[in-house]
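K.L.:
Can you read through this structure? Questions will come right after.
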Amino acid sequence: MKPKKELTHHLFHVILRFVLFIAVFNIVTNTLIGFPVEDNWKWVFFAILSIITYFFTREKLSLLWKTVFFIYIIFIMLPVSFVESGGTQNNVMGYVFLLVICVTFFFWGNLRIFMICSIIIMFNLLLYMEYQFPNTVRFYPSEIHSIDRLAQTSVLLIMSFLFLKIFSDTYAKDRERLNKLVHYDSLTELLNRRSFDDELNKILEQSNRENEYIIFFDIDYFKEINDTQGHHYGDEVLQEMADELKTAFVYPNIVARWGGDEFVALYHGEYETLIQKIESLYKDIDVSFSCGIVRLKDNDVSADAILKRVDDALYMSKENGRNQWTYQE
């Protein structure tokens, strides 16, 4: 499933589980505080509907069952609970607020408009009925209402907290996912070209660039690898290359996928150590690759000019027979 569909499916099932809990909770509470036994029928039916809906939406969220579930809440559960539980003396407003949030999230287009309008109309009709015909609403002694509000408020606050937590956690995960899409290559999980450019520009803003090197890596004959072995094998080659580069150039060094079969590294350290790392890569990586190396100079101001120099060094490695490195001032 896509992330939005996964969240919708998960949250709908959370709601169904909560409905089962609330149904049992209200049946027990109504019995203890003295509400008539017949008040529980709506909760029993609500629990049964939730179980059936859960069964038919286990694998995939069905618009039909989702609609039936909320239609029952709006046109049956809301008015019956309002009338039988003391009207505005109950916590119905809090549940209506949660209902509006759920409908807004689970539906879209004309169906969402219909659901929201139905909630508004139904709630206003109930308020009007309570004001004009108070005898239609069943009121209970203030002590019973106080106990009921105390219990219902706790449940309502817990539900609100869990709803907001689910949305907050999902939002944080989506931000992390989007951040990875913007800054990282999805195949190799290395920084992408845009992020590397940002890091290089930060270096160029510094006055002291001693022992700063840029290295281009290009896998030789990568097109032939894809053509003969298939793109799946080509992806494995890219991933292997990326893993070896990440191992060789750990933080504060930077490694990125430049694009296609090209990688780039920004190295901070001694030249001799860099060459040792490059030579080790030629021993550890099974495929042939060419490499170009340049050192950043104090008078370098243009990232494009630097990248042109390192690209020229890489081109020399290609021209001289590939599978080798070339250093260029």
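K.L.:
Consider GLU240 carefully, then state whether it is touching a residue at least 40 places away in the same chain (Cβ under 8 Å) and over 35 Å from the mean Cα position of the chain (by Cα).
P.N.:
no
K.L.:
Take the conditions in contact (Cβ under 8 Å) with a residue 24 or more places away in the chain and in a helix (DSSP H, G or I) and apply them to ILE203. Does it pass?
P.N.:
Considered against the rule, which asks whether it is in contact (Cβ under 8 Å) with a residue 24 or more places away in the chain and in a helix (DSSP H, G or I), ILE203 comes out as yes.
K.L.:
A further question follows. List pairs: first residue in segment 257-276 and over 14 Å from TYR184 (Cα atoms), second residue of a type outside the set (A, V, I, L, M, F, W, C) and surrounded by fewer than 16 Cβ atoms within 10 Å (Cβ to Cβ) anywhere in the structure, Cβ distance under 6 angstrom, at least six positions apart or on different chains.
P.N.:
The qualifying pairs are HIS268/PRO252; GLY269/ASN211.
K.L.:
So for segment 88-96 (the condition being closer than 22 Å to ARG149 by Cβ, in a helix (DSSP H, G or I), among the small types (Gly, Ala, Ser) and assigned by TED's automatic domain parsing to the domain that holds SER50), does at least one residue qualify?
P.N.:
Yes, there is a match, as at least one residue in segment 88-96 is closer than 22 Å to ARG149 by Cβ, in a helix (DSSP H, G or I), among the small types (Gly, Ala, Ser) and assigned by TED's automatic domain parsing to the domain that holds SER50.
K.L.:
Look through ILE119, ILE147, ILE76, ILE48 and report the one residue that is loosely packed, with under 14 Cβ neighbours inside 10 Å and not hydroxyl-bearing (Ser, Thr, Tyr).
P.N.:
Step by step, each of ILE119, ILE147, ILE76, ILE48 is checked, and only ILE48 is loosely packed, with under 14 Cβ neighbours inside 10 Å and not hydroxyl-bearing (Ser, Thr, Tyr).
K.L.:
Would you mind telling me which numbered condition in (1) in a helix (DSSP H, G or I); (2) touching a residue at least 40 places away in the same chain (Cβ under 8 Å) TRP65 fails?
P.N.:
TRP65 satisfies every listed condition except (2).
K.L.:
Also: Identify, by number, the condition in (1) without any contact (Cβ under 8 Å) to a residue 12 or more places away in the chain; (2) of a type in the set (A, V, I, L, M, F, W, C); (3) closer than 30 Å to LEU11 by Cβ that PHE105 doesn't meet.
P.N.:
If we test PHE105 against (1) without any contact (Cβ under 8 Å) to a residue 12 or more places away in the chain; (2) of a type in the set (A, V, I, L, M, F, W, C); (3) closer than 30 Å to LEU11 by Cβ, just (1) comes out false.
The values are calculated or read from the model by the stated rules, or taken from the named source; none is laboratory data. What you see is a predicted model, and the numbers here were worked out from it, not measured in a lab. Positions of Cβ are backbone-derived with ideal geometry, glycine not excepted, and every protein chain shown enters the neighbour counts.
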